[in-house]
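Comments concern the structure below.
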């Protein structure tokens, strides 16, 4: 009898609760669908430009100049009010920093909203007066991929450690101070040499998508509270090191030993990172080749392209999503791999990362500071001997002020 009474009570509760729970669930679902629709509508309404950037041969600036420029990309406009975000679907701007090789011709690009091209150009010229910037046709959209003629391999990158641990940067390489080119070791040169090695019929593209990082993580223990896990985890990482160095004597007294040199280096890097402007980041690369000239060695080139920024003591990069099926039974007829390849190429062309899922799954977002970004994307001096890197042939200067009119 007690079992029957309990069952009846549960049924009565469900009957009473469902008219309340179902509308709430549907309201939340419809709200998410609306926000996604409004955001997609907003992004589709924007006009975009791809800027081709040609540095001079004698770049005399350290990567600090690029860090200062990237600081200028920390733009949060467009999300000032709830109406902007939830009704208009407005989002803060995303920028794409790109390094490409089309049959060995190496170029730097920057993709941005057309409405702020003037601002972007002024910021670049402020740091690199001798540079040349032109609006270019989109190489990715212009290229027609034909699966009967072309073969493709692509991947996205994740971190080996938590976002709060930085990678090895140009400061760690000693590039924060001006040095002679012959004494300089620029970590970006292996990447440029790899790009320059592409042969006829081969294309290698790298894309670094960034947007200003904001306090958007859900605060534990609250319904609507927000926090910044990137900042919080900086403190947690340092605390973890301090706890490792604690020892207890025979009387139970604890003391903290001074950090080792390796630990000190890690703490200094984390503390330096915490003081920089941060960005949400997504990184991907694509290798496309004519079928008869596809070189599997270049797959290793993509995987190891950022290896020089990795360190056992700091963070590093590892492969994330990729155009690969792990087991034959996951794709016995070869249909899934074609879908994956198509999505990779479509999202590359759209510069889509933060607001679109990969094969139905949310992408992990990296958080990097301006110093880290300037390390993996900056204009090298003559130390980079890649002959196919497109540069300004002669230094540009302003016209003399006393020219006759």
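Relative protection proxy for 232-245, 310-323, from highest mean packing down: 310-323, 232-245 (other beta-carbon atoms within 10 angstrom). Take the Cα of residue 82, step 7 Å toward its Cβ, do the same at residue 218, and the gap between the two points is 1.9 nm. Computed with the Debye formula from one identical point scatterer per Cα of the range 33-105, without solvent, the log10 of I(q)/I(0) at q = 0.19, 0.21, 0.22, 0.26 Å⁻¹ comes to -0.92, -1.01, -1.06, -1.24. Taking 7 Å steps out from each Cα toward its Cβ at residue 146 and residue 116 produces label points 4.0 nm apart. Going from the residue with the fewest nearby Cβ atoms within 10 Å to the one with the most, 100, 189 rank 189, 100. Within the listed set 195, 68, 97, the Gaussian network model of the chain (springs between alpha-carbon atoms below 10 Å) gives the highest mean-square fluctuation for 68.
FRET efficiency for the pair residue 342 and residue 257, taken as 1/(1 + (r/R0)^6) with r the Cβ-Cβ distance and R0 = 41 Å, rounds to 0.15. Under 20 Å from a point placed 7 Å out from the Cα of residue 126 along the Cα-to-Cβ direction: which residues of the range 60-93 have their backbone N that close? Flagged as within label range: 60-78, 93.
Using Cβ contacts closer than 10 Å as the measure, can you line up 40, 121, 261 from fewest to most? Please report the intermediate quantities before stating the final value.
Working: 40 14, 121 17, 261 8.
Sorted ascending by nearby Cβ count, the order is 261, 40, 121.
Please work out the FRET efficiency for the pair residue 173 and residue 41, using the Cβ-Cβ distance as r and a Förster radius of 45 Å; give the result to the nearest 0.05. Step by step, r from the Cβ atoms, then E = 0.55.
The GNM of the chain, with springs linking C-alpha atoms under 10 angstrom apart, assigns the highest mean-square fluctuation among 364, 23, 380 to 23.
Using r as the Cβ-Cβ distance of residue 31 and residue 312, and R0 as 35 Å, what FRET efficiency do you calculate, to the nearest 0.05? Don't skip to the end; give the middle numbers.
Values: r = 45 Å, r/R0 = 1.29.
It comes to 0.20.
Look at where the Cα atoms of the range 38-110 and of the range 290-357 average out, and the two centres are 22 Å apart. Between residue 135 and residue 228, the contour length at 0.36 nm per residue exceeds the alpha carbon distance by 29.8 nm. In the chain, the C-alpha radius of gyration followed by the widest Cα-Cα span (Dmax) gives 25.4, 108 angstrom.
Taken together, the values in this text are just the output of simple stated rules run on the coordinates, not laboratory data. Worth saying up front: this structure is predicted, and the values here are computed from it rather than measured. Quick reminder, even Gly has a Cβ in these numbers, built from the backbone with ideal geometry, and neighbours come from all protein chains shown.
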